Structure formats: C-alpha cells, structure tokens
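Report on the structure given below.
The values are calculated or read from the model by the stated rules, or taken from the named source; none is laboratory data. Computed from a predicted structure; not experimentally measured. Methodologically, a virtual Cβ is constructed for each residue, glycine included, from the backbone with ideal geometry; neighbour enumeration extends over all protein chains shown. Ligands, DNA and RNA are stripped out before the accessible areas are found, and what is left, the full protein with its side chains, is counted by its heavy atoms. Shrake-Rupley method; radii C 1.70, N 1.55, O 1.52, S 1.80 Å.
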Amino acid sequence: MLLGPTGVGKTFLSIGIGVEAINCGYKVHFITMHDLIHILKTQEILRTSRTRYQRIVDSDLVIIDDLMFIAMEKHEANLFFQLINKLYGQSSIIITSNKGPEDWGELLGDPAITTAILDRIVHKCQVLNLDGGSYRLKHRQTIFGNN
C-alpha cells in the first residue's frame, strides 16, 4: 500500500514495481479505481468489461491506482469487496491512495464492508507512507507560469 498526498510518486513507484514483475515473468494488471468501478458495475452486460475483469482476476499482481480518490456508493463498495475477496490469497495487490485506511469508512459508506476490505488488504501488507511536495510542481514558480 502506497499512501501519500498527490504528486509524491505513488503511481510512478507502483508502475515501476509492475514493470519489474513483468520482467520476472508475472502477469500484471494496472487499473485506476475509477476504471475498476466501471468494470465491476458493467461486467455482467459488457463483453469488454467481462474480459478485462477476467484479466484482473487472472493476474499475479493487480495495481489499483487512486483508491479512495472518490466516494463510492454502497453497491460499488460491495462489488469492490467481492473483487478483493476473490484476489485475497491468490494475487498480490498494490494500492495507491491519498487517504489512509482510517479515512476509508466515510468514503466506502459502510463500516462492515470497510472492515472486511481492510481485513483482507492489511493482513499481509506493507504500508509505505510517502510525503513531501508534488514532483510535478517542484520546479514551477506558479501553476500557470511560462517556465
């Protein structure tokens, strides 16, 4: 689990780990949380979503980027729990988030689902807290400057 504010390199690090896993022969799937929720909600009706879902669950490593960037509806949180439960024990998972697990309850909207998800995610988890300023803005005088 890679935690920290926007721009500190969580996605960059997760992709680097994913590339190294691919180089070692593992099947890796990278997906943003937004796209994952779409796939989970449409896998029963869209063949492309069903195919992508199957690739996710068949992966050795699943990288979920920007978890908790947006609040989920209860149904979405339940679908996410079902996926985590399916991956638990069979795949490695890397999660990037700008929110710590203590804030997930309000974003998932259901304390029971939040507890169940966290139980599976943190069971064998290493948490890396990244801090500092945004690498994207580090050398900018202003956001809209002409540097």
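Here is how the numbers come out for the structure above:
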read-out	value
Residues of region 102-129 satisfying the condition of being at pLDDT 80 or above and in contact with a helix residue (DSSP H, G or I) (Cβ under 6 Å, 6 or more places away or on another chain)	PRO111, ILE113, THR114, ALA116, ILE117, LEU118, ARG120
When residues of region 2-29 are limited to those that are touching a helix residue (DSSP H, G or I) at 6+ places or on another chain (Cβ under 7 Å) and open to solvent by less than 20 Å² (accessible area, probe 1.4 Å), the one farthest from ILE94 (Cα to Cα)	GLY4
Residue ranges of helices (runs of 4 or more DSSP H) in region 45-112 with at least 2 members open to solvent by 60 Å² or more (accessible area, probe 1.4 Å)	47-57, 74-87
Tally, over region 1-32, of residues that are at pLDDT 95 or above and small (Gly, Ala, Ser)	5
